[in-house]
1. Of the residues Cys174, Cys161, Cys168, which is in contact with a His (Cβ under 8 Å, 6 or more places away or on another chain) and open to solvent by 10 Å² or more (accessible area, probe 1.4 Å)?
2. Return yes when Arg143 is among the charged types (D, E, K, R) and open to solvent by 30 Å² or more (accessible area, probe 1.4 Å) and no when it is not.
3. Can you work out which of the residues in the range 27-63 that are open to solvent by less than 80 Å² (accessible area, probe 1.4 Å), under 20 Å from Val2 (Cα atoms) and not in a helix (DSSP H, G or I) is modelled with the lowest pLDDT?
4. When Asn183 is evaluated against the numbered criteria (1) polar (S, T, N, Q); (2) closer than 30 Å to Ile5 by Cα; (3) open to solvent by 30 Å² or more (accessible area, probe 1.4 Å), which criterion, by number, is the only one it fails?
5. Do the conditions hold for Arg137, that is, is it more than 24 Å from Gly18 (Cα to Cα) and open to solvent by 50 Å² or more (accessible area, probe 1.4 Å)?
6. Confirm whether Ser74 is more than 29 Å from Tyr141 (Cα to Cα), open to solvent by less than 40 Å² (accessible area, probe 1.4 Å), in a helix (DSSP H, G or I) and without any contact (Cβ under 8 Å) to a residue 40 or more places away in the chain.
7. All but one of (1) open to solvent by less than 20 Å² (accessible area, probe 1.4 Å); (2) free of Cβ contacts under 8 Å to residues at least 12 places away in the same chain hold for Leu12, so report the exception by its number.
8. In the list Thr114, Thr80, which residue meets the criterion of being open to solvent by 50 Å² or more (accessible area, probe 1.4 Å) and over 22 Å from Leu192 (Cα atoms)?
Amino acid sequence: MVELIDNVTQLLVTLLSGIGAGIQFFKKREQAWFLLACLYGTFMLGMLFWTLHIFLFSFTPPVFYVSELAWIASYMFLLTLGFTLSTEEERKLRHFAMWLVPIFCVPQMLLYLTHGDILFNLLICGLTMAAAWCSVRGLIYARRQSGKPQDMQYFHIAVLCIVFLEYCLWTSSCFWVSDTLTNPYFWFDFLLSAALFALLPATRKAVGV
């Protein structure tokens with residue numbers, strides 16, 4: 001029951017956020033809003049398949065490919081969105097803090113490779129590491145600016161929160177405790193839903209730069 005509530009919550013958050021991003025796209029016709037709507041839409045479709053399977057059959061899907069492909073697509077859109085919002089000057093920035101991303105992510109990825117599908121984990125971890133790498137760079141760049149360009153930092157913070165919580169979620173799934181709220185997996189997933197929702201206003205501030 002807790003897993004179903006968790007999944008329905010995330011499904012509704014991504015659905016409503018996707019509608020909000022879509023409305024902004026039709027109003028302003030800006031590429032960033034289109035990419036954000038696609039991000040939410042693909043993530044939501046993955047959750048929809050997963051949630052319907054649990055609701056109808058009372059267990060997680062034995063074949064994950066439908067949801068996995070949707071989630072891979074969502075992180076491709078997240079990476080593309082970050083690149084679209086960045087400037088050429090920002091992309092040239094190099095800072096030692098960027099190396100903290102692979103230091104954190106690579107050991108986690110090696111753990112996931114021993115517990116799940118190799119190709120999926122390589123793809124999803126590669127995409128999330130790339131998104132986090134770009135956001136660490138973007139956050140450092142934004143904080144060095146003055147005035148309105150500093151608003152980009154909220155977008156990068158949201159992205160980093162999403163990636164960090166995803167890794168916490170995946171790691172906790174490797175050490176499943178229970179199907180109750182004593183399992184940290186569910187708490188990480190509820191926080192992930194909040195971070196996904198926070199990406200919407202963060203993108204609004206970034207697009208307004």
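The values are calculated or read from the model by the stated rules, or taken from the named source; none is laboratory data. From a predicted model like this one, the values you see are computed outputs, not experimental measurements. Note: ideal-geometry Cβ built from the backbone for every residue, glycine included; neighbour counts use all protein chains shown. Heads up: the accessible areas ignore ligands, DNA and RNA and are worked out on the full protein's heavy atoms, side chains in. Shrake-Rupley method; radii C 1.70, N 1.55, O 1.52, S 1.80 Å.
1. Values: Cys161 fails: in contact with a His (Cβ under 8 Å, 6 or more places away or on another chain); Cys168 fails: in contact with a His (Cβ under 8 Å, 6 or more places away or on another chain).
Of the residues listed, the single one that is in contact with a His (Cβ under 8 Å, 6 or more places away or on another chain) and open to solvent by 10 Å² or more (accessible area, probe 1.4 Å) is Cys174.
2. yes
3. Among those residues, the one meeting the criterion is Pro61.
4. Result: Asn183 fails condition (3) only.
5. Working: more than 24 Å from Gly18 (Cα to Cα): yes; open to solvent by 50 Å² or more (accessible area, probe 1.4 Å): no.
No: the conditions fail for Arg137.
6. Working: more than 29 Å from Tyr141 (Cα to Cα): no; open to solvent by less than 40 Å² (accessible area, probe 1.4 Å): yes; in a helix (DSSP H, G or I): yes; without any contact (Cβ under 8 Å) to a residue 40 or more places away in the chain: yes.
Judged against the criteria, Ser74 is not a match.
7. With respect to (1) open to solvent by less than 20 Å² (accessible area, probe 1.4 Å); (2) free of Cβ contacts under 8 Å to residues at least 12 places away in the same chain, Leu12 is out only on (1).
8. Thr114
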